[in-house]
Amino acid sequence: MTEPYKDQNFATRAVRAGQHRTNEHEHAEPMFLTSSYVFDNAEQAAARFGGDEPGNIYSRFTNPTVRTFEERLASLEGGESAVATSSGMSAILSTFMGLLSAGDHIVSSQSIFGTTRVLFDKYLAKFGVETDYVALTDLASWQQAIKPNTKALFLETPSNPMNEVADLAALSALAKAHDCLLIVDNCFCTPALQQPLALGADIVVHSATKYIDGQGRCIGGAVVGDAKLVGEEVYGFLRTAGPTMSPFNAWTFLKGLETLDLRMKAHSASALTLAKWLEEQSKVTQVFYSGLESHPQHELAKLQQSAFGGIIAFEVEGGREGAWKLINSTKMLSITANLGDTKTTITHPATTTHGRVAVEDREAAGISDGMLRISVGLESIEDIQSDLERGLALL
Ligand SMILES: *Cc1c(COP(=O)(O)O)cnc(C)c1O
């Protein structure tokens, strides 16, 4: 399909890529709420089913609204092909079901979304796919963990909640040297801040639920990569097993993509201001944000991201008690584990998102009892600060 906006800038493609107007000449993208499509005659039906004629058959396979979202996201990530999924988790599941077989091995960062780890350890393991975990920033341990049957390296960067940054170019070189795929969950940065495919990753997965929606409404996900791996193999699993994205959600995410560039810049600017402010507070013992010069991978983050994103982790005095006191004294911040919303959210990772992680593993990962995670929203930064100031004064 021709891509009239392919030579235009990111912000333009975020607004316009993937739209193919119908004969109704609509300005906004239409929502195609239809489960199937009508054929002119029996011959056409047979040709479509036989793959001799391109075109829609059934919305588990293709849907025009979903395809507009897929084309737009592929353009923003710089991939040949994207497939949209019902959630971020089904994007990860579909990637591995499409590309791996029993006997294959994954090397994964240990700092990944908790449910992704459950998917690897409890479900992929049932089908003979084993996963070993390494520290995100320790290149030597990635290398040591690779075995002859390793097919994929998997990671999130920056990591949740510590904001550790992986060296994507170095990991891509390692993956290529061992003939395995580098798969990056780009949920925290989105293509507005970081484009892993350009740094050598083979596949990008997304939870569209977070910043792509950006307003906390719909659950969805996506896989982006080349036409063979994603357009054929991951897509083949998706159209067969069916964790496809609904056209309503695709339409919502399209509207999210249109403001993504603006929002990510605004989230990042506010988060940097808040992180610097937190560093100055006497009851805050440490701030983990890659935009700070105190962050160990600050230089790397500057190199591979255009800004540092909206997520901050920080540690307060008083351990769990101190952290809970701060959460409970907020009046505006939302106490919820979701992130990437216009509304600022606050969580206590040790007892929520990372509550099922063994204490030793949690401590090894640096997630202390006094740590809090904030997803900085688009409210006034002064109002966010004063909501936190009240609780910090109590510690
Ligand atoms: C939320 C999240 C997921 C899972 O996405 P869902 O849309 O909730 O299924 C995967 N990876 C990361 C980094 C996430 O934050």
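At R0 = 35 Å, how high is the FRET efficiency between residue 35 and residue 227 if r is their beta carbon distance? Nearest 0.05 is fine.
Numbers: r = 26 Å, r/R0 = 0.75.
Plugging the Cβ-Cβ distance into 1/(1 + (r/R0)^6) gives 0.85.
Within the chain, the longest run free of GluC sites (Glu not before Pro) that sit in a DSSP loop with at most 13 other Cβ atoms within 10 Å is 27-279. Rg and Dmax over the alpha-carbon atoms of the stretch 314-395 stand at 12.7, 38 Å. Ligands, DNA and RNA left out, the accessible area of the chain computed with a 1.4 Å probe is 53% carbon and sulfur. Relative to the longest principal axis of the Cα atoms of the chain, helix 319-328 runs at roughly 70 degrees.
Please compute the volume of the convex hull spanned by the alpha-carbon atoms of the chain and report it per residue in Å³. All intermediate terms of the calculation are to be shown ahead of the outcome.
On the way: hull volume 55.6 nm³, N = 395.
Each residue corresponds to 141 Å³ of Cα convex hull volume.
Over the stretch 290-395, accessible surface divided per residue gives 45 Å², non-protein components excluded, 1.4 Å probe.
Around residue 26, with a cut-off of 15 angstrom between Cβ atoms, what is the net charge of the other residues, counting Lys and Arg +1 and Asp and Glu -1?
Numbers: positive: 16, 21, 255; negative: 24, 29.
The answer is +1.
Whole-Hz Karplus values for the stretch 302-314 come out as 5, 6, 9, 10, 8, 7, 9, x, x, 9, 10, 10, 8 Hz, taken residue by residue from phi with 6.51 cos²θ - 1.76 cosθ + 1.60 and θ = phi - 60°; glycine and proline positions read x. Summary of the geometry: the stretch 140-199 and the stretch 265-288, compared by the centres of their Cα atoms, lie 27 Å apart.
Phi angles across the stretch 140-154 convert, under the Karplus curve 6.51 cos²θ - 1.76 cosθ + 1.60 with θ = phi - 60°, into 3J(HN,Hα) values of 4, 6, 4, 4, 5, 7, 6, 10, x, 9, 5, 10, 8, 9, 10 Hz, Gly and Pro given as x. Once the Cα-Cα distance is subtracted from the 0.36 nm per residue extended length, the residue 262 to residue 330 segment shows a gain of 21.8 nm.
Relative to the longest principal axis of the Cα atoms of the chain, helix 247-258 runs at roughly 60 degrees.
Largest first, how would 172, 380, 294 line up by accessible area (1.4 Å probe)?
Numbers: 172 10, 380 45, 294 75 Å².
These residues rank, largest area first, as 294, 380, 172.
The angle between the Cα long axis of helix 381-394 and the main principal axis of the chain comes to about 40°, on a 0 to 90 degree scale. Projecting label points 7 angstrom from Cα along Cα→Cβ for residue 338 and residue 149 puts them 4.1 nm apart.
If I take R0 = 22 Å and measure r between the Cβ atoms of residue 141 and residue 118 in this structure, what FRET efficiency does the formula 1/(1 + (r/R0)^6) give, to the nearest 0.05?
0.50
First measure r as the distance between the Cβ atoms of residue 298 and residue 217, then evaluate 1/(1 + (r/R0)^6) with R0 = 45 Å and state the FRET efficiency to the nearest 0.05. Taking R0 as 45 Å, the efficiency between residue 298 and residue 217 is 0.85.
Look at where the Cα atoms of the stretch 305-353 and of the stretch 60-122 average out, and the two centres are 27 Å apart. Compute the signed sum of charges (Lys and Arg +1, Asp and Glu -1) over the other residues within less than 11 Å, Cβ to Cβ, of residue 58. Cβ neighbours under 11 Å give a net charge of +3. Basic side chains Lys and Arg get +1 at the Cβ, acidic Asp and Glu get -1 at the Cβ, and with that the dipole of the stretch 10-258 about its Cα centre reaches some 400 debye.
Mean separation of Cα pairs under 8 Å and 6 or more residues apart, divided by the residue count, gives the stretch 219-341 a relative contact order of 19 percent.
With the simple spin-label model, which puts each label point 7 Å out from Cα in the Cβ direction, the residue 363 to residue 11 separation comes to 4.9 nm. Here the simple spin-label model places points 7 Å from the Cα toward Cβ, and for residue 198 and residue 22 these points are separated by 3.5 nm.
Scalar couplings 3J(HN,Hα) for the stretch 118-124, obtained by applying the Karplus form with A = 6.51, B = -1.76, C = 1.60 to θ = phi - 60°, are 5, 4, 5, 7, 9, 9, 4 Hz; x denotes Gly and Pro.
The values are calculated or read from the model by the stated rules, or taken from the named source; none is laboratory data. Worth saying up front: this structure is predicted, and the values here are computed from it rather than measured. Counting neighbours? That spans all protein chains shown, and the Cβs are built from the backbone with ideal geometry, glycine included. Accessible surface is based on the protein model in full, side chains and every heavy atom, while ligands, DNA and RNA are left aside. Shrake-Rupley method; radii C 1.70, N 1.55, O 1.52, S 1.80 Å.
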